[in-house]
Amino acid sequence: MRHEDEPLLYVLDYPGFRTEARVDDLQLDQYGVRVRNLLRHPLPRAVDATAYASRIIAGVSPGEGPVAAVAAYCTSASFAFEVASATARSQQKPPVIILFNAEAGTPEMILDSYRTALSGIGARSPEQDLSSRADMSLLSEDPERFVDALVQNVERAVVATLRTAGSSEEEATESARHMANTYADWLSHLVAACHSSVCSWSGNVVNITSADGPQKEFAFESDTVRNVRMACDRAQLLRSEATRSVVLSAFEAHRTLS
């Protein structure tokens, strides 16, 4: 098979640090699949799923051929439907959507990210900071302002913590800016996922979860949904040969689809 004839896979796998295996660990490129990870720096700072996906797709090199599948991990699942819908408009067959431990973005998840960010920098009384500074009403009323407010809170907390530790004003400010930018990427991702209305999808969906993965099915509507729960845990889901087999079978089914 010529390289340009190999099935093309768009991947939505957030590039931040995590202990679990990544989609790259499935090594699908060694099995005749062209893999393109769309979530690369600089990441979008959009606050709704449609705009977020649009900016992702804008960075794709044209002329690579039809997209056979769109794969997404965790909260990136919301964007998979947006990306798949956009690509389907320019090709004969809609891509299959492959989800791994898919979860919808929620306000609770966003608060957890804020709590983790504050705790990770040693900010004092993170719970008090949450209740006094995280105005959750802004999440729906003005999500851009919501993101700006939480990022600024984290930046101020970093500066205060580093000053207390003896850092100079310049060192504290520069480190705070770097950490705030990193958190802004992640927070924007979560907020955009939270502002997603998953509509009906005319193609197929393969929903793969680990043994300890989400118990509640991801809220999607599709003509055909195949739910597969694997025996491995979350950490190994994207390193498992069994997972790879399910993914490759999805490509084969798509290839033979009339």
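Observations, loosely collected:
- Put simply, of S197, S202 the only residue that is under 16 Å from the mean Cα position of the chain (by Cα) and surrounded by fewer than 17 Cβ atoms within 10 Å (Cβ to Cβ) is S197.
- Residue selected from region 211-247 under the condition out of contact with any Asp or Glu (no Cβ under 6 Å at 6 or more places or on another chain) and among the charged types (D, E, K, R), by the criterion least open to solvent (accessible area, probe 1.4 Å): R244
- None of E221, E241 is of a type in the set (D, E) and at pLDDT below 95 except E221.
- Count of residues meeting criterion [crowded, with 16+ Cβ neighbours inside 10 Å and either over 21 Å from W201 (Cα atoms) or polar (S, T, N, Q) (or both)] in region 56-89: 5
Residues are listed down the side, and each one gets a yes or a no for (1) more than 26 Å from V23 (Cβ to Cβ); (2) open to solvent by less than 80 Å² (accessible area, probe 1.4 Å); (3) in contact with a Lys or Arg (Cβ under 9 Å, 6 or more places away or on another chain):
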site: R145; (1), (2), (3): yes, no, no
site: T161; (1), (2), (3): yes, yes, yes
site: A165; (1), (2), (3): yes, no, no
site: H178; (1), (2), (3): yes, no, no
site: I208; (1), (2), (3): no, yes, yes
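- A count restricted to region 1-55 and to residues that are assigned to a helix (DSSP H, G or I), open to solvent by less than 30 Å² (accessible area, probe 1.4 Å) and within 28 Å of S245 (Cβ to Cβ) stands at 3.
- Inspection of region 150-171 identifies no residue that is within 15 Å of A72 (Cα to Cα) and at pLDDT 90 or above.
- Test: A172 is under 30 Å from S249 (Cβ atoms), touching a residue at least 12 places away in the same chain (Cβ under 8 Å) and either open to solvent by less than 80 Å² (accessible area, probe 1.4 Å) or under 17 Å from the mean Cα position of the chain (by Cα) (or both): no
- Take the conditions (1) assigned to a loop (DSSP other than H, G, I, E, B); (2) open to solvent by less than 50 Å² (accessible area, probe 1.4 Å); (3) farther than 30 Å from V159 by Cα; G105 misses just one of them, which is (3).
The values are calculated or read from the model by the stated rules, or taken from the named source; none is laboratory data. Keep in mind that this is a model prediction, so the values were computed, not measured. As a convention, Cβ positions derive from the backbone with ideal geometry for all residues, glycine included, and neighbour counts pool all protein chains shown. The accessibility values were calculated without ligands, DNA or RNA, using every heavy atom of the protein model including side chains. Shrake-Rupley method; radii C 1.70, N 1.55, O 1.52, S 1.80 Å.
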